[in-house]
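Data first, discussion second: the structure below is written as structure tokens.
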Amino acid sequence: MEELKNCNLCKLASTRKNILIPCFTSAKGMIVSENPTSKEDKSGIYSDPSWKKVESALEYYGHRIDEFYVTSGIKCAPEVNRYPSQEEIKNCSKFFLKEISEIKPKAILFLGESIAKYYVHVDAYTYINRKFKTRLCDDVYVTYNPKSLRSGTQENDEFRGIFRQFIASCLS
């Protein structure tokens, strides 16, 4: 963790206020957001309202978010309303890969295209709501960034559906 606090691999470090510490580390599986928000950077905790959509999808299938390891693909918040660049993800990859090697999740769920694109090596939007086998883990799922979901759309049903598959992999 000290290495992460002292990281200066990219320009995001110069505006960082806090490092989001992974939470809910019981590790049935790993849920990975793209990046912390500026609000989360200020508070140091996962507090974005979009996490309610993740919690709701898990609760629909009888699970709680605290049953999973929750982390971000990059550890510093980009400027407001911007997804991380591939270069920023690359700079944080050693920290993220270390988390995977320590946790050894049965399944990983990426929330968002940019983080999935880097680790799954596909045009993630084309492959949204699908399962992959990767060097990270045998069961890797990609779904929408919950920040981009609008109420009452087909995307919400697809988002919830991928959680069913992710949970099944975590429990197998």
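Listed values, structure above:
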read-out: Part-to-part distance (alpha-carbon centres) for segment 66-135 and segment 157-172, which is given in Å; value: 17 Å
read-out: Sequence-separation-based contact order of segment 2-171, relative, with Cα cut under 8 Å and 6+ spacing, percent; value: 24 percent
read-out: Reachable lysines from Lys5, criterion Cα separation under 19 angstrom, eight or more residues apart if same chain; value: Lys17, Lys39, Lys42, Lys75, Lys90, Lys94, Lys98
read-out: Tail beyond 18 Å, pair distance distribution of segment 1-61 (Cα, percent); value: 44 percent
read-out: 26 Å Cα-Cα threshold exceeded, pairs from Lys28/Lys147; Lys11/Lys52; Lys11/Lys147; Lys53/Lys117; value: Lys11/Lys52
read-out: Over segment 83-172, relative contact order from alpha-carbon pairs under 8 Å, at least 6 apart, %; value: 28 percent
read-out: Contour excess over end-to-end distance, with Cα ends at Arg130 and Glu67 and 0.36 nm allotted per residue; value: 20.5 nm
read-out: Fully extended contour minus Cα-Cα distance, from Arg164 to Lys5, at 0.36 nm per residue; value: 53.7 nm
read-out: Sum of -39500 (n - 2.57) over DSSP H runs of 4+, divided by residues of the chain (222 nm, nearest 500); value: -11000 deg cm²/dmol
read-out: 16 Å tail of the calculated P(r), segment 16-108, as % of Cα pairs; value: 54 percent
read-out: Antiparallel DSSP beta bridges within segment 2-171, percent to nearest 5; value: 25 percent
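Read-outs: derived from the displayed coordinates by stated rules, not from any lab. As the structure is a computational prediction, the values presented were derived from the model and not from experiment.
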